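A quick write-up on the structure given underneath.
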Amino acid sequence: MSQRIVIKTDFDLFDAWESAFAAAGIEAIRWSDRERFLDSIRYALVWQPAPGELAAMPALELVFSIGAGVDHLVGENIVPPHLPVVRNVDPGLTAGMVEHVVYHVIRLHRGMAGYETDQVARRWCPRPQTPTWDHTVGVMGIGQLGGACAEALKHLGFRVAGWSRNPRNLPQIDCYHGNDGLPDFLAQCEFLVCLLPLTSDTRGILNRHTLAMLPRGAGLINVGRGPLAVDEDLLAALDSGQLGAAALDVFNQEPLPRDHPYWTHPGVTITPHVASITMPATSALHIIDNIRRHQEGRELTHTADLSRGY
Ligand code: NDP
Ligand code: OXD
């Protein structure tokens with residue numbers, strides 16, 4: 001049977017996917033062309049499929065998430081229950097996330113926003129500097145991406161704490177887990193990086209209660225998902241000074257509405273959900289490997305458990 005993978009993506013990267021899959025003898029099909037191939041599409045690589053769209057492909061054997069997050073695949077009639085879901089775990093995606101997180105932690109640590117304001121005012125105003133090892137960065141979610149960020153921040157000298165659902169043991173990272181471990185974890189985070197998946201347990205976890213547990217003036221970097229944060233609580237924490245700054249890449253509504261207060265808040269830095277973008281050349285390798293594993297009856301790697309939400 002032909003090897004066809006249909007691709008639904010927000011980014012116009014079809015040509016790159018097509019050539020990466022062609023090298024492995026797999027034919028890539030554009031989402032807009034899928035009706036012609038419905039009976040022969042065996043694999044789907046998707047971002048935000050609508051209910052019923054995957055169920056309409058009777059030959060489908062595997063679903064690949066274009067993103068590391070699979071919250072877009074959770075919901076009624078989105079993924080037929082018998083189909084395994086493989087999420088995106090890829091060195092290119094990890095490297096991009098490490099760059100983004102390290103950039104923002106350093107930007108906050110070195111007070112760059114102040115110098116940017118000074119430049120606009122033509123003001124020469126050196127400020128004192130402190131070493132990284134005097135500061136603690138907390139990473140919420142120390143999986144594939146959060147774990148790599150924690151390690152990179154540790155290499156820069158920061159004290160690093162991590163928080164996960166289950167007990168974890170990462171070299172030189174102070175690991176906390178579960179609801180019981182959250183207050184002690186948050187109490188030390190002068191910079192908080194949120195790299196949690198969006199699940200029923202984590203929705204709204206950045207709220208007035210948890211933000212109040214941070215040291216006053218802490219900096220927040222949310223790269224997980226927008227609905228992890230309660231926007232009103234986050235804005236109130238910024239306005240009161242409980243939060244010193246927030247670098248936000250993900251939002252409750254994307255694109256962020258033009259009239260949203262985040263756009264103009266002096267403490268907020270916005271990026272349009274680009275902390276790390278899936279790169280076809282490297283991600284395809286992991287997809288092709290899983291297709292081979294599936295064909296040979298071997299165990300798949302990086303499957304998601306949709307009932308758990310990640
Ligand atoms: P992983 O599944 O590898 O790691 C998830 C981590 O979150 C694990 O440490 C897990 O704990 C922890 N976690 C999950 N639920 C809870 C909970 N209830 N309480 C405490 N910890 C919890 O995911 P990735 O690192 O690959 O990706 C993380 C998220 O990053 C994605 O789901 C996505 O939302 C986001 N992302 C954002 C991008 C962007 O451009 N902004 C790009 C890519 C991803 P445990 O270790 O115990 O399982
Ligand atoms: C992802 C994302 O989950 O880009 O990979 O948000």
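Numbers at a glance
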{"item": "Global geometry of the stretch 175-310, whether rounded, prolate or oblate, following the gyration tensor of its Cα atoms and the 1.5 cut on a/c", "result": "prolate"}
{"item": "Point-charge dipole on Cβ atoms (K/R +1, D/E -1) for the chain, about Cα centre, debye to 20", "result": "520"}
{"item": "Positive-end extreme of charge dipole, the chain - chosen from Gly52, Ser65, Leu108 (charges on Cβ)", "result": "Leu108"}
{"item": "Fully extended contour minus Cα-Cα distance, from Thr282 to Asp239, at 0.36 nm per residue", "result": "11.3 nm"}
{"item": "Sulfur and carbon atoms: percent of accessible area, the chain [1.4 Å]", "result": "53"}
{"item": "Mean Cβ count within 10 Å, highest first, over the residues of peptides 99-110, 59-70", "result": "59-70, 99-110"}
{"item": "Computed [θ] at 222 nm, helices only, for the chain once each DSSP H run of length n ≥ 4 contributes -39500 (n - 2.57)", "result": "-8500 deg cm²/dmol"}
{"item": "Dipole magnitude (debye, nearest 20) for the stretch 151-205, charges at Cβ of Lys, Arg, Asp, Glu", "result": "140"}
{"item": "Computed magnitude of the charge dipole of the stretch 73-211 (debye, nearest 20; Cβ of K, R +1, Cβ of D, E -1)", "result": "320"}
{"item": "Accessible area in square angstrom per residue, the stretch 8-63, 1.4 angstrom probe", "result": "48"}
{"item": "Most to least packed among 229-236, 292-299, 159-166 [average Cβ atoms within 10 Å]", "result": "159-166, 229-236, 292-299"}
{"item": "Rounded if a/c under 1.5, otherwise prolate or oblate - the stretch 1-136, Cα gyration tensor axes", "result": "prolate"}
{"item": "Approximate spin-label separation Ser2-Glu76, in nm, with each point projected 7 Å along Cα-to-Cβ", "result": "3.5"}
{"item": "Computed E for Ala59/Asn207 - FRET, C-beta separation, R0 41 angstrom, nearest 0.05", "result": "0.40"}
{"item": "Estimated inter-spin distance, Gln295 and Asp12, nm [label 7 Å along Cα→Cβ]", "result": "3.2"}
{"item": "Å³ per residue enclosed by the Cα convex hull of the chain", "result": "152"}
{"item": "Packing-based ranking, highest mean first, of 134-146, 242-254 given that Cβ atoms within 10 Å are counted", "result": "134-146, 242-254"}
{"item": "Glu27-Ile270 pseudo-label distance in nm [points 7 Å out on the Cα-to-Cβ vector]", "result": "4.4"}
{"item": "Cα-based shape type of the stretch 126-251, given that a ≥ b ≥ c are square roots of the gyration tensor eigenvalues and the cut on a/c is 1.5", "result": "oblate"}
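The values are calculated or read from the model by the stated rules, or taken from the named source; none is laboratory data. Predicted model, so just to flag it, every value in this text is computed and none were measured. Cβ coordinates were reconstructed from backbone atoms using ideal geometry, including for glycine residues, and neighbour counts include every protein chain displayed. Just the protein is used for accessible areas: all its heavy atoms, side chains included, with ligands, DNA and RNA removed. Shrake-Rupley method; radii C 1.70, N 1.55, O 1.52, S 1.80 Å.
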